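Chemist: Next up is a structure, given as structure tokens.
The values are calculated or read from the model by the stated rules, or taken from the named source; none is laboratory data. The structure presented is a predicted model; accordingly, all values stated were derived computationally and were not measured. Every residue, glycine as well, gets a Cβ built from its backbone with ideal geometry; the counts of neighbours run over all protein chains shown. These area figures cover heavy atoms from the full protein model, side chains too; ligands, DNA and RNA do not enter into them. Shrake-Rupley method; radii C 1.70, N 1.55, O 1.52, S 1.80 Å.
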Amino acid sequence: MGVYTVSSVENLRICVVMVGLPARGKSFISQKIVRYLSWLSIKAKCFNVGSYRRQIGAAHPSADFFDFKNEEAFRIRENAVTQAVEDMMKWYEDDNGVVGILDATNTTRSRRDWILKLCRENAIEPMFLESWCDDQEMILRNISDVKTCSPDYEGVDPEKATSDFLQRIGKYEKVYQPLDLDHDKNLTFVKLVNVAQEVIVNQIQTYLESRIVFYVMNLHIRPRFIWLSRHGESIYNVEKKIGGDSSLSPRGMQYAAKLPELVRESAGDADLTVWTSTLCRTQQSAQYLPYKQLQWKALDELDAGVCDGMTYEEIEEKYPEDFKARDEDKYEYRYPGGESYRDVVIRLEPIIMELERQENILIVTHQAVLRCIYAYFMNVPQEESPWMSIPLHTLIRLEPRAYGTEVKRIKANIPAVSTYKEKGTSQLGESVNDATKYRNLLTGEGGN
Ligand code: ATP
Ligand code: F6P
């Protein structure tokens, strides 16, 4: 694509090799890393060995299948991991892959040595990521959250599935050789102990590896919600102007007055923190919210540079080339003296990192910024995210779940103008098609 990314500068290929007993969150962590890196335009893909195993015939194995003395089953499992690794190697070559994740238990040293050798032969940096956990309650919760509904246990009673899965873990425990600072002192690895109560980091070599480490260190799995809202309708919105720092319109003020009730209905008595941008319209919108508030410059609206304060019609007339170029590649297009969507994503990275660390947060910000944040949580591809419709006077509730994010949309029922501009026109408003697309995105199951 010819676009700057950390990985293209370093010319790197990394293989993140997951390590850990079943139900330790390896797939969860793998999928999150892929979503995070993809959002930052770093090519990443997860290769889940369980899916390969199911494809080659072992679709509903009982715990005995995972007994390391079961030679026939062992052969099938080796076959599954070999196919996953072959596909991963092909992906590095054919698709210029940067971060491949091998999602399997990789519990034995012999398996890890085999992967290490393959990585070295193919100029790929191996980075082991172990999730170690002895919190029995958490493990049981994980089993009931995701394992009893896994395709492995299709049609099986949840209690029976749980008991079989615990036996499966037992089979792995017999051969498990955790990473350790003595034996593995020369390996690049991160070891997460009981989520991130303790984190052991060894021999990190590159900037990209250190970003991955920092990201996984910040993850938590406590239940929580994230609410997103645009500011209420502003005077500039009514005048069809972009950018600026105008105040709310009377209808925007009505939204500000109603926001506390909408939030309370959705959050109940739960405590939360409100994040706004530094612009007047988000602060006016948040003014009646009875929670702690924090302003972030990084949440300010995409900077329209020389076009700030103009309507789309004026831009089309004064800068026709720019108007066309933006429609052609809205994600990459940078306003002269201003920003592109890509620029906004890069400045939002600390926000995403902090969001991962925090519990309940309500973000009151702007259309382009919300599109970028929403794209991260819902795994929306770059070419689509700048075209998503996020209307005014609507509160969006995100609920991060095991393998994705659930979305709920709460309308305030206070009229507002549409600020949505379709491709190829300078007029505002949504066609039926776009409105439908929006609905699908909002109700669609998490992006993973
Ligand atoms: P398997 O080896 O059977 O594929 P797994 O280790 O990949 O299991 P996941 O399928 O990812 O396990 O389990 C998901 C569950 O793990 C979710 O409920 C999630 O909340 C939880 N989880 C996420 N991170 C961690 C962690 N670091 N430690 C323990 N549990 C975690
Ligand atoms: O539950 C354990 C599991 O995720 C299985 O679905 C999968 O077959 C296996 O791990 C893959 O890991 P390994 O090949 O290391 O056993």
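Chemist: Mind jotting down the distance between the C-alpha centroids of the range 136-204 and the range 117-132, whole Å?
Modeler: Using only Cα atoms, the two centres lie 19 Å from each other.
Chemist: Run lengths n ≥ 4 of DSSP H only: what is the helix-derived mean residue ellipticity at 222 nm for the chain, with -39500 (n - 2.57) per run over all residues, to the nearest 500?
Modeler: Only helices count here, giving -12500 deg cm²/dmol.
Chemist: Which lysines have a Cα lying under 19 Å from the Cα of residue 408, excluding residues fewer than 8 positions away in the same chain?
Modeler: 258, 437
Chemist: Then there is this: Give me D for the range 277-412 in µm² s⁻¹, whole number, from Stokes-Einstein with Rh from the Kirkwood sum over alpha-carbon pairs, 20 °C and 1.002 mPa s.
Modeler: Taking Rh from Cα pairs, D becomes 132 µm²/s.
Chemist: So, taking all protein chains as they sit and a 1.4 Å probe, how much accessible area belongs to residue 371, in Å² rounded to tens?
Modeler: The accessible area comes out at roughly 10 Å².
Chemist: Tell me the per residue accessible area of the range 220-274 using a 1.4 Å probe; a whole number in Å² is fine.
Modeler: 44 Å²
Chemist: Using a 1.4 Å probe on the protein heavy atoms, what percent of the accessible area of the chain belongs to carbon and sulfur? Kindly include the intermediate steps, with their values, before the conclusion.
Modeler: Values: 9710 of 20160 Å².
Summing carbon and sulfur atoms, their accessible area is 48 percent of the total for the chain.
Chemist: Here is a further query. Mind ordering 177-187, 143-153 by average Cβ neighbours within 10 Å, highest first?
Modeler: Values: 177-187: 13.1, 143-153: 17.1.
So the peptides 177-187, 143-153, ranked by packing, come out 143-153, 177-187.
Chemist: No solvent, one uniform scatterer per C-alpha: report log10 I(q)/I(0) for the range 170-214 via the Debye equation at q = 0.15, 0.16 1/Å, two decimals.
Modeler: Taken in order of the listed q values, log10 I(q)/I(0) reads -0.47, -0.52.
Chemist: OK, next. Among DSSP bridges having both ends in the chain, what percentage is antiparallel? Round to the nearest 5. Don't skip to the answer; put the middle values down first.
Modeler: Values: 20 of 53 bridges.
That works out to approximately 40 percent antiparallel.
Chemist: Leaving ligands, DNA and RNA out of it, rank 317, 72, 328, 78 by accessible area with a 1.4 Å probe, largest first.
Modeler: 317, 328, 72, 78
Chemist: If you place +1 on the Cβ of every Lys and Arg, -1 on the Cβ of every Asp and Glu, and leave all else neutral, what size is the dipole of the chain about its Cα centre, to the nearest 20 Debye?
Modeler: 540 debye
Chemist: Could you sort 154-163, 61-70 so that the peptide with the highest average Cβ count within 10 Å comes first and the rest follow in order?
Modeler: 61-70, 154-163
Chemist: Longer than 28 Å from Cα to Cα, which of 45/147; 318/411; 45/330 are they? Say none if no pair is.
Modeler: Details: 45/147 22 Å; 318/411 36 Å; 45/330 25 Å.
Table pairs above 28 Å Cα-Cα are 318/411.
Chemist: What translational D, rounded to a whole number of µm²/s, comes out for the range 188-229 from Stokes-Einstein when the hydrodynamic radius is the Kirkwood one over Cα pairs, at 37 °C and 0.692 mPa s?
Modeler: 279 µm²/s
Chemist: How big is the Kirkwood radius of the chain, worked out from every pair of different alpha carbons and given in Å to one decimal? Before the final figure, lay out the partial values.
Modeler: Values: mean 1/r = 0.0418 Å⁻¹.
Kirkwood hydrodynamic radius for the chain: 23.9 Å.
Chemist: Can you give the Rg and Dmax of the range 359-429 based on its C-alpha atoms, in angstrom?
Modeler: Considering the range 359-429 through its Cα atoms, Rg and Dmax are 13.3, 41 Å.
Chemist: If you line up the long axis of helix 341-357 against the longest principal axis of the chain, both from Cα atoms, how many degrees apart are they, to the nearest 10?
Modeler: Taking the Cα atoms of the chain, the angle to 341-357 is about 60 degrees.
Chemist: Note down, for the range 1-147, the three equivalent ellipsoid semi-axes (square root of 5 times each alpha carbon gyration tensor eigenvalue), biggest first, whole angstrom.
Modeler: Values: eigenvalues 152, 70, 36 Å².
Rounded to whole Å, the semi-axes are 28, 19, 14.
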